[in-house]
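A.B. asks: Below are the structure tokens for one structure; questions will follow.
No lab work stands behind these numbers, since they all come straight from the coordinates. Keep in mind the model is a prediction, meaning the values are calculated, not measured. Cβ placement follows ideal geometry from the backbone for every residue including glycine, while neighbour counts extend to all protein chains displayed.
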């Protein structure tokens with residue numbers, strides 16, 4: 001299906017000259033993302049959760065723990081058992097503050113309603129692989145400058161070792177910058193504005209998640225998506241897109257919907273709520289465009305203050321199928337706490353591909 005083909009995430013770089021293509025073929029080199037000509041990513045919020053005082057300093061990331069190691073290229077990877085399921089979870093108290101000082105004993109994980117044994121637990125500011133997925137349709141033309149600035153401030157507020165790529169989408173979607181932590185390159189990619197056409201939100205999210213799955217070197221994965229309307233151009237349906245996003249080790253989706261009050265935006269809001277809730281992210285719906293920047297910084301704060309909880313499912317993962325996940329947190333002297341993480345995942349192989357529309 002076109003919507004699931006990561007090769008459709010094309011660079012905007014100049015077309016590869018025929019003699020260079022011949023050289024690549026002869027030398028056996030591979031190009032994961034073909035080029036395109038220059039002409040050619042329920043918990044909802046209107047305001048970000050209140051921040052605690054424990055935001056890690058960007059310029060002084062925490063040292064790696066014995067549970068992680070850095071590769072020869074300086075990339076953080078978990079020493080993760082092949083049978084272990086990792087959950088990235090945020091904890092919010094009844095005053096909408098992020099809770100950052102819980103220990104392993106405070107958490108209980110349920111899979112398909114059965115309590116699971118936690119085998120690993122971390123609460124550290126680890127770098128993430130992040131896709132910034134921005135609506136480039138015609139209706140976004142006047143909004144892109146502020147949205148772009150908010151996206152850059154998200155990166156500035158994030159772990160400096162994050163690896164980030166940029167996808168712009170209208171009725172097509174394009175990888176305008178592959179994984180990098182270079183702000184200048186990210187800025188240039190965000191400024192490739194060609195605001196026209198429709199909105200292929202679901203296709204862009206699925207392709208971006210596939211890019212994370214295939215090419216990200218970091219285990220923790222996030223998509224940050226901004227749109228101002230309802231999907232009207234995707235091959236994927238909402239249901240199909242959610243299934244792909246919920247594959248094992250799939251990304252959390254943080255969404256900003258710059259929507260009005262008409263009927264179509266109501267459907268767009270519901271779609272973003274479903275995508276965010278089922279993947280462990282948050283959907284925000286700012287009242288004004290000026291709120292987008294504050295929200296983007298809050299997203300960075302949320303990502304950097306998550307708990308990573310690992311467990312080995314009592315139901316063998318080889319049996320496949322969807323597994324519902326729920327995490328509870330309790331603490332003496334604490335009120336009710338909400339744990340936000342993915343609502344479930346597809347174990348083993350990918351969910352069966354469904355027919356295109």
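A.B. asks: Residue 115 versus residue 337, label points 7 Å from Cα toward the beta carbon: distance in nm?
C.D. replies: Spacing of the two 7 Å Cα→Cβ label points: 1.7 nm.
A.B. asks: Now, a different point. On the principal axes of its Cα set, how long, how wide and how thick is region 102-201? Give whole Å, largest value first.
C.D. replies: Its Cα atoms span 50, 31, 21 Å along the three principal axes.
A.B. asks: Then there is this: By the gyration tensor of its Cα atoms, with a ≥ b ≥ c the square roots of the eigenvalues, what is the shape of region 84-149: rounded for a/c under 1.5, prolate for a/b over b/c, or oblate?
C.D. replies: Taking the square roots of the gyration eigenvalues as a ≥ b ≥ c, region 84-149 is prolate.
A.B. asks: How much length would be gained if the chain were fully extended between residue 232 and residue 215, taking 0.36 nm per residue of separation minus their Cα-Cα distance, in nm to one decimal?
C.D. replies: That works out to 3.3 nm of additional length.
A.B. asks: Whole angstrom only: what separates the Cα centroid of region 211-262 from the Cα centroid of region 266-336?
C.D. replies: 13
A.B. asks: When the scattering of region 194-303 is computed by the Debye formula from its Cα atoms alone, each counted once and equally, what is log10 I(q)/I(0) at q = 0.20, 0.21, 0.23 Å⁻¹?
C.D. replies: Cα-only, vacuum Debye calculation for region 194-303: -1.11, -1.21, -1.38.
A.B. asks: Give me the extension gain from residue 267 to residue 287: residue separation times 0.36 nm, minus the current Cα-Cα distance, reported in nm with one decimal.
C.D. replies: Working it through step by step, the gained length comes to 5.5 nm.
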